[in-house]
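Trainee: Have a look at the structure that comes next, please.
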Amino acid sequence: MFFVYPAVFHKEDSSYWVEFPDLEGCQTFADTLEEAAEMAQEALSGYLVTALEKGIKLREPSEIQNIIYDKDSFTSLVTCDINKYLNNSKAVKKTLTIPEWLNDMAIARGINFSAILQEALIEKLEITK
């Protein structure tokens, strides 16, 4: 799953600290801007994985232009793909029952049943991508 959240990068002396206004407690710091950007992705990924594993509903990302910051700070969008942090290697087999006509139509159209079920569950569980 791919996510994009705005972050505020603060410069203090010769280092940076980063916070995500929409994700309480999600912060990191680094010595250089490049390291801060990398650490921001790591912090965002860890926060999101933990929240999803605990069933915590995530806030929608704010519009970046609505975030207020001071003169020594700037906002940037931070992206992450949490799939590499999730245990994707273990699949769980599910048996389900659907009407035969629906099965036949789906097969005729080349529908991937696993993908459709995953998409429906993500939507039903209100998991923001």
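Trainee: List the residue ranges in the chain for DSSP H helices whose C-alpha atoms run 27 angstrom or more along the long axis and whose Kyte-Doolittle average is -1.0 or above.
Mentor: Numbers: long enough: 33-53 (30 Å, 0.29).
Helix filter hits for the chain: 33-53.
Trainee: Could you state how much accessible area residue 102 has, in square angstrom rounded to the nearest 10, with a 1.4 Å probe and all protein chains kept in place?
Mentor: Near enough 70 Å² of accessible area.
Trainee: Here is a further query. Relative contact order for segment 34-129: what is it in percent, counting Cα pairs under 8 Å that are at least 6 residues apart?
Mentor: With pairs under 8 Å counted, the relative contact order is 37 percent.
Trainee: Could you give the accessible area per residue of the chain, probe 1.4 Å, as a whole number in Å²?
Mentor: Averaged over the residues of the chain, the accessible area is 73 Å².
Trainee: Checking a compactness column here: for segment 50-119, what do you get for Rg(Cα) / (2.2 N^0.38 Å), N being the number of residues? Walk me through the numbers on the way to the answer.
Mentor: Values: Rg = 20.3 Å, N = 70, 2.2 N^0.38 = 11.1 Å.
Rounded to two decimals, the normalised Rg is 1.83.
Trainee: Percent of accessible area on the chain owned by carbon and sulfur, 1.4 Å probe?
Mentor: Of the solvent-accessible surface of the chain, carbon and sulfur hold 53 percent.
Trainee: With only alpha-carbon atoms counted, please give the Rg and Dmax of segment 1-62, in Å.
Mentor: Computed over the Cα atoms of segment 1-62, radius of gyration and Dmax are 11.9, 38 Å.
Trainee: Hey, another quick one. Considering the Cα trace of the chain, what is its radius of gyration and what is Dmax, both in angstroms?
Mentor: When restricted to the Cα atoms of the chain, Rg and Dmax are 19.5, 67 Å.
Trainee: When the solvent-accessible surface of protein heavy atoms is calculated with a 1.4 angstrom probe, in what order do 4, 18, 92 fall, highest first?
Mentor: 92, 4, 18
The values are calculated or read from the model by the stated rules, or taken from the named source; none is laboratory data. This structure is a prediction, so every number in the text was calculated from the model and none was measured. Side chains are part of the model used for accessible areas, which takes the heavy atoms of the whole protein and leaves out ligands, DNA and RNA. Shrake-Rupley method; radii C 1.70, N 1.55, O 1.52, S 1.80 Å.
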